[in-house]
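K.L.:
Here it is, the structure, as structure tokens.
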Amino acid sequence: MSDELRGKVALVTGGSRGLGAAIAQSLAARGADVAISYVASADKAEQVVAKLEAEGVRAAAFRSDQSDHAAAKALIGEVVSRFGKLDILVNNAAIVVSGKKIDDPDLDTAALDRMWQVNVMGPVATTRAAAPVMSDGGRIIFIGSLNGSHALFPGVADYAGSKAALNGYARGVARDLGSRSITVNVVQPGAMPTDMMVDALGSTEAPDAFLDMHPVRRIAHVDEVAALVCYLAGADAGYITGGTHDIAGGLGI
């Protein structure tokens, strides 16, 4: 596609499937060497690596469980050891728990607590581990959710809260790392045809009532979201930091 990211090294957490795989592919298509992390599916991760290498870049997959916050430092160390540096961090890995209203007596609090650990403390641990070794002029991009600004349905309180937490954290990190010209941004997609959408809505086919909430009446393509991530990772976005960027077809306006 282009060489705008040639010579850069990127890490995409949760890069073996869905949006993470699309982001990894888009970064590689722009010339970046790409590492991905995954939890369970080594076969899928290696398939992604093969596709990345077909773009003519270096690629590798590392098993790392984001719910184990002590694993973050080891993951960053493996990436830097393999590739020599880290320029771009995409905090993509996350989970969603099928929501119930907060007053539901059958609320699965253990699952919700784990979601907070994965969705908030996982990216925090990875960012803390990456910051000291990241190249000056680097990029940190958090994958949030439109639910971080708009609780779109009943039953999303914990998921929305976990994504809203990233917005505040990213602004603080942008403040801390700005003197090194490291930019920090949040991308907030709406619904996409991924496994997470199945977990949230039961299908990758959005119901008509949900589509009617969108001025652009469809859900996002993962490649569209990946393109926004790549823009924020590139040279033209060097003065954009501390921002929350919606890509949701106007949902929530």
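K.L.:
Which one of the conditions (1) aliphatic (A, V, I, L, M); (2) surrounded by fewer than 18 Cβ atoms within 10 Å (Cβ to Cβ); (3) at pLDDT below 95 does A157 fail to meet, given that it meets all the rest?
P.N.:
Of everything listed in (1) aliphatic (A, V, I, L, M); (2) surrounded by fewer than 18 Cβ atoms within 10 Å (Cβ to Cβ); (3) at pLDDT below 95, A157 misses just condition (3).
K.L.:
For S145, indicate whether it is touching a residue at least 60 places away in the same chain (Cβ under 8 Å) and under 30 Å from D103 (Cα atoms).
P.N.:
no
K.L.:
Could you name every one of the helices (runs of 4 or more DSSP H) located completely within the range 57-147 that has at least 3 residues being among the aliphatic types (A, V, I, L, M) and farther than 25 Å from G243 by Cβ?
P.N.:
Output list reads 71-83, 109-116.
K.L.:
For the subset of the range 7-29 comprising residues that are more than 10 Å from the chain's Cα centre (by Cα) and part of a strand (DSSP E or B), which member is surrounded by the fewest Cβ atoms within 10 Å (Cβ to Cβ)?
P.N.:
Residue satisfying both the conditions and the ranking: V9.
K.L.:
Could you please find all residues in the range 4-33 being at pLDDT below 95 and within 16 Å of A54 (Cβ to Cβ)?
P.N.:
If the condition is that a residue be at pLDDT below 95 and within 16 Å of A54 (Cβ to Cβ), then no residue fits.
K.L.:
Here are some conditions: (1) free of Cβ contacts under 8 Å to residues at least 60 places away in the same chain; (2) in contact with an Asp or Glu (Cβ under 7 Å, 6 or more places away or on another chain). K8 meets all but one. Which one does it not meet?
P.N.:
Unmet for K8, out of (1) free of Cβ contacts under 8 Å to residues at least 60 places away in the same chain; (2) in contact with an Asp or Glu (Cβ under 7 Å, 6 or more places away or on another chain): (1).
K.L.:
Looking at this structure, is I95 within 18 Å of the chain's Cα centre (by Cα), farther than 21 Å from V156 by Cα and not small (G, A, S)?
P.N.:
No.
K.L.:
Considering only the range 42-78, how many residues are open to solvent by 40 Å² or more (accessible area, probe 1.4 Å) and under 16 Å from A21 (Cβ atoms)?
P.N.:
11
K.L.:
For the condition modelled with pLDDT under 95, within 24 Å of A21 (Cβ to Cβ), exposed (fewer than 15 other Cβ atoms within 10 Å of the Cβ) and of a type outside the set (F, W, Y), what is the one hit in S98, S81?
P.N.:
S98
The values are calculated or read from the model by the stated rules, or taken from the named source; none is laboratory data. Nothing here was measured: the structure is a model prediction, and the numbers come from that model. A quick note on method: Cβ atoms are made from the backbone with ideal geometry, for glycine too, and the neighbour counts reach across all protein chains shown. Ligands, DNA and RNA are excluded from the accessible area calculation, which covers all protein heavy atoms including side chains. Shrake-Rupley method; radii C 1.70, N 1.55, O 1.52, S 1.80 Å.
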